[in-house]
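*Asks:* Handing you this structure, nothing more for now.
The values are calculated or read from the model by the stated rules, or taken from the named source; none is laboratory data. Bear in mind the structure is a predicted one, so any value in this text is a computation, not a measurement. Quick reminder, even Gly has a Cβ in these numbers, built from the backbone with ideal geometry, and neighbours come from all protein chains shown.
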Amino acid sequence: MELNSASTVANLGIPLSGARLLNKFYVQNVPLKDITVFDLNDLFKNLHGGKAPGLDRLDYKAYADDLALILCASSRKNLELSVNSALDLLCEKLSRLNLRVASEKTLAVVFRGTQNKNKQKRGLATLKRPPIFKINNETIRTVDSLKYLGVIIDNRFSWTDHIDFLRSKMLNLIKNFISVSGPNWGVGASLLKHWYLSVIQPSILYGSAVWGGSFTVKNINSLFSIQRLALLKISKSYRTCPTNALNVFLGIPPLHVVAKGLYIKFQIWKLRRNGFDFIDINNLDKFIEINNIELKYRVLDFSSTVVNSDFEVYTDGSGIDGNIGASVCIFNNNNCINVFKFKLSNFNSVFQAELAAINFAAGWALDNNVRINIFTDSLSSIEALKKSNSKSKYLNDIKNNMFGAIGSVGLSWVKAHAGIPGNELADQYAKDAAVNGNFLSMPAPYSYLKKFIKKFILDNWQQHWEDSKSGSRVREFVPHVDYDLLTHNRYFLFFISGHGPFPAYLHRFNILESPNCVCGGLGDPDHFAFECPLTSSFHFVKPTSLNKPLWFSNILKNKNSLVRFEQICRVTRKICDDFVV
Ligand SMILES: [Zn+2]
């Protein structure tokens, strides 16, 4: 449902001339899905059949007892005319089914076309007088924004209302953290990070395929402060630690960057849009509706061997330095009599190469009207042919091709690198094929798009990190953002961020009068880790600027070093506490 709803609202975002309307209906006690199928299609025809003058476009989305009607017209007058006639028609049809639209719960939002950019800038994106829409002579309320399928759509597509709403959503989501984790106890950062990435982030970014396209600086700052609520809980750091530093410490990208990534993924995969520095959309696999495909074409159950085979065929796929190759070696009485080598595009996967080789072998058997046994070391390929729920068009095309080979082709798994001569030979030829094979065109898999989006998010996150003014101390130690980084020790985090129990920090935030240590030196983190006589038994050798990143990652991996940081912090906390008294 998520994707469907996103596509509808995305359609709203297409600039159209004239005014547009999103009408949200409540129909009482009705599962609307059942009636929409025939009745609303009818509505379409009637309105386009000349009964609604000035109507440019009509679209609708129904979910449970919620119906959204989207109409587009070139002027307010036309919009009123066409909306009201659509409403009349709808009510008439519903009343025949003994159903009634709850006009008091129905809302309308009016969007003005984007043809006048100046007016938009001056905040005049809405009409001077809102149009009036009626259901059974009762005027329905026109509002600035409404929530549909979990996304708040506002009449300027600014998404400000939606992002505001995310704050309360986040507060709700992290409530559970409090019961399992506190500053000095509870589950570790690693589990909390996993929790964030698998539950909280998807929930917050729900529908971002629609609203994640472009953000104002204000939007971005709002998203940061929303994400911060969770990051503070996961890291157990001081409340003053900058958000972008927390992002880096925890290996969790900023929300606005992830939202943009998901938006682009939706544009490419669902809406099939070119651009975004991605490969030509025609070279990308797609998902197909598989419910209509007969099960026998979806689940190919090859027997492992066929009797009286004419040939044994070894297939293999290989990837070297981003080049992908596939090979098919035909054996007769233990002699290799023919080899086929294919070079695939760099965007193809080794898995695809394995499948392509098997597919070719089956096709070769059919073409030559022979019986063969295929041996592959790719268990995942064999499993993919048996799996019924793959939506990949590419994979289903292969299944279609191979269906005819059932009965005359056997397919079995052999262990790779186990000294089986046929498999070793196929492996060698596949490596050679990655460079020298005949080109075989195949669409890029969905996983390629996912990798592309992951890199897009990483690159943009890195750029944001380099451009940001805060977190400069952290940047010396962690110049490169990384999904896998997790600073799981809060004392080490105190040291790197500088936000911890240090006189210099507490002075900066007006808690202590002096920034100095009792020994007389400046009481900053470096002082205690490298210089102060009071912490001398836990000291580290001070890294050079160039060495800081390596020093950071080594310490993070070393349990003893982390314990020393905890001990240093215990001393500094005591020093600070004494000062306060
Ligand atoms: Zn000192």
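*Asks:* Name every residue in the range 226-266 that is without any contact (Cβ under 8 Å) to a residue 24 or more places away in the chain and over 18 Å from residue 470 (Cα atoms), in order of residue number.
*Replies:* Answer for the range 226-266, where residues must be without any contact (Cβ under 8 Å) to a residue 24 or more places away in the chain and over 18 Å from residue 470 (Cα atoms): there is none.
*Asks:* A further question follows. Within the range 523-569, take every residue that is outside any loop (DSSP other than H, G, I, E, B), away from the ligand (no atom under 11 Å from the Cβ) and polar (S, T, N, Q) and give me the one that is nearest to residue 486 (Cα to Cα).
*Replies:* 553
*Asks:* Quick check on my filter: what residues within the range 230-256 are in a loop (DSSP other than H, G, I, E, B) and not small (Gly, Ala, Ser)?
*Replies:* 236, 238, 239, 240, 241, 242, 252, 253, 254
*Asks:* Out of (1) touching a Ser or Thr at 6+ places or on another chain (Cβ under 8 Å); (2) surrounded by 14 or more Cβ atoms within 10 Å (Cβ to Cβ), the odd one out for residue 504 is which?
*Replies:* (1)
*Asks:* Return the only residue of 497, 472 being among the small types (Gly, Ala, Ser), within 28 Å of residue 187 (Cα to Cα) and either modelled with pLDDT of 95 or more or assigned by the TED database to the domain that holds residue 188 (or both).
*Replies:* Answer to the check: 497.
*Asks:* Same structure again: Determine whether residue 158 is in a helix (DSSP H, G or I) and either modelled with pLDDT of 90 or more or farther than 18 Å from residue 228 by Cβ (or both).
*Replies:* No; evaluated as a whole, the condition is false for this residue.
*Asks:* Every residue in the range 406-420 that is hydrophobic (A, V, I, L, M, F, W, C) and out of contact with any strand residue (DSSP E or B) (no Cβ under 9 Å at 6 or more places or on another chain), please.
*Replies:* Scanning the range 406-420 gives 406, 418.
*Asks:* Continuing with the same structure: Return only the number of the condition from (1) over 30 Å from residue 246 (Cβ atoms); (2) without any contact (Cβ under 8 Å) to a residue 60 or more places away in the chain; (3) touching a Lys or Arg at 6+ places or on another chain (Cβ under 8 Å) that residue 136 does not satisfy.
*Replies:* For residue 136, the exception is condition (3).
*Asks:* Have a look at 288, 264 and point out the one that is closer than 27 Å to residue 347 by Cα, under 30 Å from the mean Cα position of the chain (by Cα) and modelled with pLDDT under 95.
*Replies:* Of 288, 264, the one residue that is closer than 27 Å to residue 347 by Cα, under 30 Å from the mean Cα position of the chain (by Cα) and modelled with pLDDT under 95 is 288.
*Asks:* A follow-up question, please. How about the range 428-446: which of its residues are assigned to a loop (DSSP other than H, G, I, E, B) and either out of contact with any Asp or Glu (no Cβ under 7 Å at 6 or more places or on another chain) or among the β-branched types (Val, Ile, Thr) (or both)?
*Replies:* 437, 440, 441, 442
*Asks:* Return yes when residue 538 is in contact with a Lys or Arg (Cβ under 7 Å, 6 or more places away or on another chain) and either of a type in the set (Asp, Glu) or touching a residue at least 12 places away in the same chain (Cβ under 8 Å) (or both) and no when it is not.
*Replies:* yes
*Asks:* Something else: Looking at the range 337-345, is at least one residue surrounded by 16 or more Cβ atoms within 10 Å (Cβ to Cβ), among the hydroxyl-bearing types (Ser, Thr, Tyr) and not in a strand (DSSP E or B)?
*Replies:* So far as the range 337-345 goes, yes, one or more of its residues are surrounded by 16 or more Cβ atoms within 10 Å (Cβ to Cβ), among the hydroxyl-bearing types (Ser, Thr, Tyr) and not in a strand (DSSP E or B).
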